[in-house]
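Shown next, in structure tokens, is the structure this report addresses.
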Amino acid sequence: MIALTVLAASQIPRANVDGDLMRIFAHSGEDYDAYAQLSNTFGTFENDIYFLVTSPDVTDPDVLEALRNFAFDLELNDFAVGTMSPFTLRKPTDNGGSVPAVPEGMSSREEVAAALSDLQQNDPLMRNLITPDLTGIVMIMFPNQELTRGDGNKEMIAQLRDLASQYESDKVHIELTGPPMWTAEMLYAAVNDQVTFTVYGFALGALIALLSLRSFWGAILVSATPFLAVTWVTGIVLLFFGSFSFLTIIVTTLVLVIAFAESLFFIFNWIAYWRDGMDPYKAVDTTVKVVGPASALTMLTTLISFASLALTPGQGIQEFSVTGAIASLLNFVCLMTFLPLVLKLAIRLGFKIPPKSSIVLTAPMRVSWFLAKRFSRALATAAIALTVVLFIPYFLVEPRFAFEDFVAKDSLALDAATEIDAGVGGVAPIYVRVPLIDAAPEMTDADFETVRKIHEIVEKHLGQNKVISAASFSHYQDSGFTRQDVLDSVGAFMKRRFITEDGKQALVTGFMPTIIASEDLRRLVDDLHAEIDAAGIKGTEIGGFRILATFATENIVQGLQLDLTVSVLVNLFLIGFAFRSLRVATATAIPNLFPVLGAEAFLWWSGAGLQLTTVLSLTIAFGIAVDDTTHFLSHYLHARREEGRDHNEAVKHTMERIGGAIVATTLILCSGTGIVATSNLPQVALFGTLFVITLALALIGDVFILPALLVAGGKFFHPLGGIRK
């Protein structure tokens, strides 16, 4: 234990969160493969930083020249491999050269206004970079991806903010946006969340333990195991993966609350044996023997829930699955090795038995026993009927993806992107990769016609001037310039985003609003495919990060929904196998299906739909929810087998013995994961919300439904007293 603690603690100073969203979708299937190929072939606009420069005096020659200098400074930035703005664009000349599209040395507002209006109305690139009222300009910087890895992104953003501040004034306002900015905000929110989750989760767990045990030192004993478990898990995850992701960072909070719950349950039982007159040292050993097997089973059900997620492809899901499985095992090892030693040390140091639990914890069990004794058949029938009805929304709820759910709440960068959308009509790219038949670097007439057709199809759906491709520059060709002249004039970096060097592939890029519903995006992609096929053009491919995220999320969610089903079936079978009884597995089915189906009904009713984190939450919550059921049935069977109690008496004794612990541990689980619902990241907050809903419904299942089922099925469950351990 000491060796493992030292190893884990040595890793914690290098704790960090990887903000790369692609880590979630990496290796998730053909959508990711297509996007990776697209990025490698053309480069994309997905990682670019946008600068929204607004000023009521853009047409003032002095202001314009200041913005030109800002654009040139961006070009010279260490992190830039290229930029695009009205000042970097060049027009071809008659002698084969090129000149700045925005002439230098203009002296009047009228000249500036005329030059910018001409670009805005006639140049396809500038239509997306100059607002129609000439009060705003968008500049784009293309970062060096090698330099932005690790802490490079943070350093780059700091440099660019400093540069922008040098050019801001009463007349000029500059805002930064784009994926690197969104990632930085998400990273900041994730780190803040983790600190908040750990501090408040630990404080709430300790407070509930204090109120449950009514002992300060008892609360300290309960808190020791979660503290060490989180240390172990954090260190080992960093040792294996080097960093946390937006998904794996949630695991430490889950470990914290699960460890609190299991530790409190263990100590509740230890104190109960001690209070019954058993020697406190022997009570520790007895608790290990009685609670240990049930805790091992609860560890396995949680581990299986995590492990089942590995059936779905995707690096992010695989890492979450492995991290959770490792955490489940470490948590159990900590509970079974560290906690017994700490309890024996506490006895040696003079720990006194605390007073009985508060009536607040035991009152629900009294109500539950009264209802189970008087109305068991009615309650059991109602629970079974309701569970069956809840299968309807389970089949109706559909996958949903919303980009804004991945971005931090109150994101300034997202606000800036929305302003750009309002000004120039959208900067979120969608790509159509076009295979060219003639494979000529200068593009033959036949290939150009293919690109032009696709350009028009995409423009029809996104709006005029919202598409760029090699066909965008036809007005220059109409003036007598060759396609080669035009493509060369935009520079080698931008030319690569229109056509490959070997001339075998071309790219048509459309720009959508930053915020677009997943249903609208799917409809857009389907319509584009249909019209391109109708035009007789074969082999095209539609892609982009939004396409990847929307379609990959749908595929991942469908896979996770299947994983949830597998997890439920395997865990129910495991419980039946562990207790050597199909009847036990039957008893656990309704109380544990009810919370999962109820949570999915909430997703259907609220319109939240199945999202990436919601299915993860349901799967893991189910694995944790069966813990209390397992402990209940373990104590019930112990009362039947070792203590010789009859069926109803064993149910009542179990409720009295561990009912308060079930309520207390559920309060810890709900309060700890309830903190997650306050996250600044909507996806993480939804995870916490659904987790709490599932566990709250699980408490109803264990406290009210399970006893009613056991009492109502007295004859069915009576033989359980005779089964072997």
At residue 154 and residue 78, where each label point lies 7 Å from the Cα along Cα→Cβ, what is the point-to-point distance in nanometres? 1.6
From the helices alone, meaning DSSP H stretches of at least four residues, give me the mean residue ellipticity at 222 nm for the chain, per-run term -39500 (n - 2.57), in deg cm²/dmol to the nearest 500. -22000 deg cm²/dmol
For region 39-50, in residue order, the Karplus 3J(HN,Hα) values (coefficients 6.51, -1.76, 1.60; θ = phi - 60°; whole Hz; Gly and Pro = x) are 5, 5, 7, 10, x, 9, 8, 6, 10, 7, 9, 9
For a quick protection proxy, order the peptides 106-116, 261-271, 180-190, 51-61 by their average other-Cβ count within 10 Å, most packed first. 261-271, 180-190, 51-61, 106-116
Please tell me the relative contact order of the chain in percent, rounded to the nearest whole number, where contacts are Cα pairs under 8 Å and at least six residues apart. 20
Taking the beta-carbon count within 10 Å as an exposure proxy, list 647, 27 from fewest neighbours to most. 27, 647
Using packing as a proxy for protection, rank 195-201, 562-568 so that the peptide with the highest average count of other Cβ atoms within 10 Å comes first. 562-568, 195-201
Using alpha-carbon positions, what is the distance between the centroids of region 223-260 and region 8-37, in Å? 18
Given H placed on each backbone N at 1.01 Å, which residues far from residue 505 in sequence or on other chains put an amide H within less than 5 Å of it? 436, 500
Report which label in (1) 31.6; (2) 27.6; (3) 28.7 holds the value of Kirkwood radius over Cα pairs in Å derived from the coordinates of this structure. (3)
Exceeding the 20 Å Cα-Cα cut-off - candidates 91/495; 373/715; 91/453: 91/453
What is the set of long-range amide H partners of residue 83 at a cut-off below 5 Å, with H atoms built 1.01 Å from backbone N? 142
Where a ≥ b ≥ c are the square roots of the eigenvalues of the C-alpha gyration tensor, would you call region 206-282 rounded, which needs a/c under 1.5, or, failing that, prolate if a/b is larger than b/c, or oblate? prolate
How high is the relative contact order of region 596-725? Use alpha-carbon pairs under 8 Å, at least six apart in sequence, and give a whole percent. 34
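Only the coordinates and a few stated rules stand behind these numbers; no lab work does. These numbers were taken from a predicted model, which means no experiment stands behind them. Heads up, the Cβs are rebuilt from the backbone with ideal geometry, glycines too, and the neighbour counts pull from every protein chain shown.
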